[in-house]
Structures are given as structure tokens and as C-alpha cells.
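No value in this document is a laboratory result; all are computed from the given coordinates. Being a predicted model, the structure only gives us computed values, none of them experimental. Here the Cβ positions follow ideal geometry from the backbone for every residue, glycine too, while neighbour counts run over all protein chains shown.
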Amino acid sequence: MKLFYMRGASSLADHIVLEWSGQAYEAVRMDRLGIRTPEYLALNPTGVVPLLVHGDFALTENVAILGYLSDLHPHLQLAGDGSARSRAEVMRWLGYLNSDVHKAFRPIFFPARYLPDGGLASQLAATARGHVREYLQRLDAQLEGREWLTGTRSVADAYLFVMLRWAIGTKVGLQGFDNLAAFVRRMHADEGVHAALVMEEGLSSATERARGAPDQLMRLNDRIRDNLATTLQAEVVGTVAYSEGDGAALEVRRGMVDIEISRQDTVFSWRDENYSAQTAIPFQNFARYVSDGAIRLAL
Ligand SMILES: N[C@@H](CCC(=O)N[C@@H](CS)C(=O)NCC(=O)O)C(=O)O
């Protein structure tokens, strides 16, 4: 079985479910050029990811793929416990995530597809951020008193995780949504989620074998002393907060980030297929996060 995915795209939900299933699979990384080639379009004429190829069956659409994977592994009960009602509950949330929440990000990712006039793009994105937060409000309320959207783990939770990663990555943020923030933390602690992220983000083995924080900090200080500024990759593994203007604290997206460090501050940059963002925090805060283990340096 092969999953065609793009880094950070909605295909991450399918990737996570493949990991949960425990079955052997191949993940094929695509990029924007790759999904426009005649070979790919022959398998998926819509020219998007995800695409799942199982033998001679080429399946597109997240909802169909997630349903198919659930049906292949019924013992995992990833689409309910077998009753019509529990399946409908999973489909209710999957539908909401796929057709409402997912689409609400499009003006943030692709403002030019809506407005040729670039001058209005930031206004459009700001409005879209407000819409996404309205959707998040409903999801946060649903998670009140629950660990999973429908009470037990389902494919909808994998999709929710991707939407929340997008919310963090695009600076919509989860501030005020404590249930969603706790959900993201739980998912990051999940082995299947971690394995899918390791594959998608290409965490280097050097990072995985990261040295202890004191050693990393010492090496970092040496580099800063010698160069004044230094650029490297880091893995954000815990909560790393930053502020923009007078707004509430936001969280840096977890996963691999590029960082540029000077004596004053540290600039984080992250990039997915659809989006790239940057933010800065004071160097002292950065060093504290490294020593607390929330940031691992690839040094
Ligand atoms: N309805 C499709 C939408 C998939 C979709 O939006 N894929 C995006 C990535 S999240 C994509 O491949 N976009 C490529 C493009 O628009 O150029 C599904 O749910 O599978």
C-alpha cells in the first residue's frame, strides 16, 4: 500500500492512521510539481494529495481513504464500534473537518486564488483566521470532558490534529481553547503520530540521538561566541510560546524548524507545502526552552 503525501498537508491524517493500523506501507513524498505530472494525474486527476494506492485500487479524497483504512482494520474501531450510530458520529466530525474547517484555511494558504490584488491578501487572511477560530470554538466545546472527538479514538481525531497543526502553524493559534491545546499535546505524545511526523518532517537521526541539553547549550554558546549569529535546525518538542504585539501568547509549531540565533534573539522559521511563517523570541527565552528540553538542537 502506498500513500502519496505532501509535507504538512491534510494527507498527514491518513499517514497517522496508517501508523495506527500497524500495517506495512510506503509513504511517497510529493511536491507541487510532482502532483502536476501526467503520471500522477493519471492516478489522481484532481492533482492533489492524499492518494492511496492499494494494489490496482487508486483512492482519492481524505474521507474515503480514512473510511477505507478503518474498514480494513475493523478491530481498531477507528470509525466507531460497528453500530450505525457510532459510525455516524465519526462521519459527522469527519465531514465537519473536511468540508468546513479544512476549506476555511484556503484563503490563508492561497489568498491569490481569491483575490488577484495582493494588497488585500492580508485582510482576507485576517478574516479567514476569524472564521477558523469560530470552527475551533465548536471543536473545543466538543472536547470538553472527552479525550477524543467522539469519546473513543477515531479517524476524525487524526484529521483534527492536522487542522490544529495548521492553526498553530498559520498563527491562528489555540489560545483560549484549552481542550484543543491539551488534545494537541496528547497527540504529540502518541507513537503513531510521532512516527508519521518523523517521516514527513525528515527528522535527522542526529536530532533523534540529540545530546543532552547542557551539552547542546555549551556548543551553541561556542558557536555564538565565534560567529555572533548562527543558523541551524531544531526540533520543537514541547510548548514554546512567543508573542506578537500585545496579543495573547501563541505557540510555535512543533516539529522541525529553522532557527537563526544572535545574542539578542532567535528567529524561528517553518515551512510546509502551503505556508511559511517566521517569528522571534528573546535569546534568553530560547536558551531556557533548550535547557528545559522543549527545544532540541540538531548540533
Ligand atoms: N477534497 C480533497 C482535498 C485535498 C486537498 O486539499 N489537498 C491539498 C493539500 S491539503 C492539495 O494537494 N493541494 C494542492 C493544490 O491545491 O495545488 C480531500 O479531502 O482529499
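Figures for the structure shown
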item	result
Amide proton proximity set for Phe177, modelled H, under 5 Å, gap of 5+	none
Proportion of all alpha-carbon pairs of the chain beyond 35 Å (%)	22
Estimated Rh, segment 1-132: Kirkwood, alpha-carbon pairs, angstrom	16.4
Farthest positive-ward along segment 204-297 dipole, Cα basis, beta-carbon charges - from Gln216, Leu297, Ala277	Gln216
Semi-axis lengths (Å, descending) of the ellipsoid that matches the C-alpha gyration tensor of segment 75-157	33, 13, 8
For the chain, with +1 on Lys and Arg beta carbons and -1 on Asp and Glu, the positive-most of Ala195, Gly80, Tyr114 along the dipole	Tyr114
Computed magnitude of the charge dipole of the chain (debye, nearest 20; Cβ of K, R +1, Cβ of D, E -1)	300
Extension gain from Ala195 to Ala241, taking 0.36 nm per residue of separation minus the Cα-Cα distance	14.1 nm
Amide H partners (placed H, <5 Å) of Val28, local residues excluded	Leu3, Phe4, Tyr5
Overall form of segment 66-214 per C-alpha gyration tensor (a/c, 1.5; a/b vs b/c)	oblate
Cα gyration tensor, segment 130-199 - rounded (a/c under 1.5), prolate or oblate	oblate
Segment 2-75: Cα Rg divided by the 2.2 N^0.38 Å rule of thumb	1.04
Prolate/oblate/rounded label for segment 105-147 (Cα gyration tensor, a/c 1.5)	prolate
Chain lengthening between Phe110 and Phe283 when straightened (0.36 nm per residue, less Cα-Cα)	59.0 nm
